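As structure tokens, the structure follows; a few thoughts come after it.
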Amino acid sequence: MTAHPTLRKLTGILLLSVLLFTACKVTLLSAYDDVTDKTLSEMQQSTTTFFVKHEANPGSQDLSYNNSLPFYEGLRVKSRTVRIRNNAIEKNKIMINMLDLLDENVNLMDSLHKGKPNGLLSKSDVTLLKGAFESQYTAMFKFIMALKARAKAQ
Amino acid sequence: MSINVSAIAKEMLNAAKPILQNAWKEVKPFAEKESKAFAQNLAMIGKLKLEGKITKEEALLHIQIQKNSFRTVLLAIQGLGLIAVENALNAAIAVIATTVNKAIGWNLL
């Protein structure tokens, strides 16, 4: 008995759909990006150095707002450069949002520091800022490491 | 060619479930630690303001910084979850491929 042409056509479409569906791997997120990883590592190192200096020499004029301007500028240049790069990567909304929040926090820390009458961050400022930035970088690296592990597994 | 749809669905679920369960097990300690730190830092800001050690403007800046930091943590959890979903979907799809190939008797997929 020969199958009805419509039935044959439907079976073919179904098989093709299964083939197309199963032949491709599902990808919900962008691939791991080495440049983003390295740039964030540099930013994290620079931020950690800044807080270590504050903890080692609290009240030092070397850490006044005016003397910290190159630090803030350096972080902003890096975060905005890597943001532009990430903007060009598909399925990358999470990393873009993370970079925006990091840039915003650099600006907020800058404002806090700028507003200090003596130009110096207090011990409690440093404790709070250090905690916030450490959590932020850790979260970003956790995500980046997971993307890296995923790339290796593929 | 016979394909048992309900059996495939069960196999797909069996393939996906442990991946999603393990993902949450891995993320949970991180989520708990960061939630606690966020709460502690907000409490510290409140205390500093009450004691007059920081101004209202400084307190607001600190709160916004802590909120942005915690939002980044939540984004990371979302990203880790999506990677787990991706792995679960691909494991489930691999089950379909095996079953379909077996059912038709040759490697279509």
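The values are calculated or read from the model by the stated rules, or taken from the named source; none is laboratory data. These numbers were taken from a predicted model, which means no experiment stands behind them. With ideal geometry, Cβ positions are generated from the backbone for all residues, glycine too; neighbour counts draw on all protein chains shown. Only protein heavy atoms, including side chains, enter the accessible area calculation; ligands, DNA and RNA are left aside. Shrake-Rupley method; radii C 1.70, N 1.55, O 1.52, S 1.80 Å.
How far apart, in nanometres, would the label points at A:Asn118 and A:Asp62 be if each is projected 7 angstrom from Cα along the Cα-to-Cβ direction?
Here the answer is 1.8 nm between the modelled labels.
Output wanted: per-residue J couplings in Hz (rounded whole) for segment B:28-37, from phi through Karplus 6.51 cos²θ - 1.76 cosθ + 1.60, θ = phi - 60°, x for Gly and Pro.
Those phi angles translate into 3, x, 5, 4, 5, 4, 6, 5, 5, 4 Hz.
Taking θ as phi - 60°, what are the ³J(HN,Hα) couplings along segment B:73-81 by the Karplus curve (6.51, -1.76, 1.60), each to the nearest whole Hz, with x for Gly and Pro?
Karplus-based 3J(HN,Hα) across segment B:73-81 equals 4, 5, 5, 5, 4, 4, x, 5, x Hz.
State which entries of A:Lys148/B:Lys28; A:Lys114/B:Lys53; A:Lys91/B:Lys10; A:Lys93/B:Lys67 exceed 23 angstrom in Cα-Cα distance in the structure shown.
On the way: A:Lys148/B:Lys28 20 Å; A:Lys114/B:Lys53 17 Å; A:Lys91/B:Lys10 30 Å; A:Lys93/B:Lys67 19 Å.
Beyond 23 Å: A:Lys91/B:Lys10.
Can you give the Kirkwood hydrodynamic radius for chain B, in Å, rounded to one decimal and based on Cα pairs?
Result for chain B stands at 17.5 Å.
Name the residues whose placed amide hydrogens come within less than 5 Å of the amide hydrogen of A:Ala31, ignoring near sequence neighbours (fewer than 5 apart) on the same chain.
Amide H neighbours of A:Ala31, under 5 Å, 5+ apart: none.
Run the quick spin-label model on A:Arg85 and A:Phe141: label points 7 Å from Cα toward the beta carbon, then report their separation in nm to one decimal.
For the pair A:Arg85/A:Phe141, the computed spacing is 1.8 nm.
Determine which residues of segment B:56-87 fall in the zone a paramagnetic label at B:Trp24 would reach in this model, i.e. backbone nitrogen under 19 Å from the point 7 Å along Cα→Cβ.
Within reach of a label on B:Trp24, which here means backbone N under 19 Å from a point 7 Å along Cα→Cβ, segment B:56-87 contributes B:74-87.
Explain nothing, just the number: relative contact order of segment A:34-153, from Cα pairs under 8 Å at least 6 residues apart, as a whole percent.
Numbers: 68 pairs, mean separation 41.9, N = 120.
Across segment A:34-153, relative contact order equals 35 percent.
Kirkwood-based Rg over Rh for the protein assembly as shown (C-alpha set), two decimals? Show your work: numbers first, answer last.
On the way: Rg = 25.4 Å, Rh = 21.7 Å.
Using Cα coordinates only, the ratio equals 1.17.
Give the carbon-plus-sulfur fraction of the accessible surface of segment B:31-89 in %, rounded to a whole number; probe 1.4 Å, heavy atoms of protein chains only. Don't skip to the end; give the middle numbers.
Details: 1980 of 3110 Å².
The C+S portion of the solvent-accessible surface of segment B:31-89 is 64 percent.
Taking only DSSP H segments of four or more residues, each worth -39500 (n - 2.57), what value at 222 nm results for chain B once the sum is divided by all its residues, to the nearest 500 deg cm²/dmol? Before the final figure, lay out the partial values.
Details: 2 runs with 95 residues, N = 109.
Value at 222 nm, helices only, nearest 500: -32500 deg cm²/dmol.
Tell me, in nm to one decimal, what length is gained between A:Lys53 and A:Ala31 on full extension, where the rule is 0.36 nm per residue of separation less the Cα-Cα distance?
Length gained between A:Lys53 and A:Ala31: 4.3 nm.
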